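Here's the structure we're looking at; comments come further down.
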Amino acid sequence: MSQTTDLLREFCAENFTLVPRAIEAGARRIELCDNLAVGGTSPSMGVMEITVLYAHEHGADVMAMVRPRGGDFVYTEEELGIMEADIFAACEAGADGIVLGCLERAEDGSFTLDADALTRLVTVAESAADAFDMELEMTFHMAFDELSPSEQLLAIDTLSDLGFSRILTHGGPAGTPIEDNLGRLRELMDAAGDRLIILPGAGITHANAEAVAGALGAHEVHGTKIVEL
């Protein structure tokens, strides 16, 4: 059953399998991943090419995950090289954007944004977009939720300066009801202003999407069950 609202539903897809049904059900953007059991990793070139072709023919955009493995978001030099290659692959496949995140661990065990790694990857993304003569959006994924509240506010400034289009966040610890995090999500939206989009996700389904979006004044929502399949 298709949706009849202006709310943009971003469907988090593991490979191509459910993409046609999701678009038919009202998804207007696909976050394309592999390995959702570990939170999503980079999809293959073939999956990206077929998904982009199908989505564009049916009025939907595709955001390709750029993540070399599951686990934390602190990456080695080799892993950053893998991410650079995956960014070029996403652009070559015609994706509308990429989804990534990089953190570094402080001495006390807390996380901060890895601005150096992100600057490096953004530079690669800009070069790839130029090479393929395309516009490329960038989403910072739920690595954002590993940051402390004060670090999140600093991260919004940095990510805005780097040119990110949006931040995907649950607004609180993983597994908490999204309704419990509406206050924090509003704070993040206020901090971001019109510089970038705060994209709420995790725990949002086709059943509560409009209520959550209405409570937040959000125009986009994200999830694996964001449309009724």
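None of the figures in this text is laboratory data; all of them are computed from the coordinates on show. Small disclaimer: the values here were computed from a predicted structure and weren't measured. Here Cβ is always computed from backbone atoms with ideal geometry, including for glycine, and neighbour counts include all displayed protein chains.
Structure notes:
- Net charge over other residues, Cβ less than 12 angstrom from the Cβ of Glu78 (K, R count +1; D, E count -1): -2
- Calculated FRET efficiency for the pair Asp6/Glu135, C-beta based, R₀ 35 Å, to 0.05: 0.95
- Net charge, Leu36 excluded, C-beta distance under 13 Å - Lys, Arg +1, Asp, Glu -1: -1
- By other beta-carbon atoms within 10 Å, ranking Ile167, Ile197, Ile23 with the fewest at the front produces Ile197, Ile23, Ile167.
- Between Arg105 and Ser127, the FRET efficiency from the beta-carbon distance, with R0 = 30 Å, is close to 0.60.
- Evaluated over segment 107-229, the Cα radius of gyration and Dmax, each in Å: 15.3, 45
- Helical mean residue ellipticity (222 nm; -39500 (n - 2.57) per DSSP H run of 4+; nearest 500) of the chain: -11500 deg cm²/dmol
- Amide H contacts under 5 Å for Glu31, placed H, 5+ residues apart: Phe11, Cys12, Ala13, Met63
- Full extension of the segment from Ile82 to Ser44, taken as 0.36 nm per residue of separation minus the current Cα-Cα distance, would add 12.4 nm.
- Under-5 Å amide H pairs with Val99, H placed in peptide plane, nonlocal only: Ala64, Met65, Val66, Thr139
- Most positive-pole-ward Cα, Val124, Cys91, Pro173, against dipole of segment 8-223 from beta carbon charges: Pro173
- Antiparallel %, DSSP beta bridges [both residues in the chain], to 5: 10 percent
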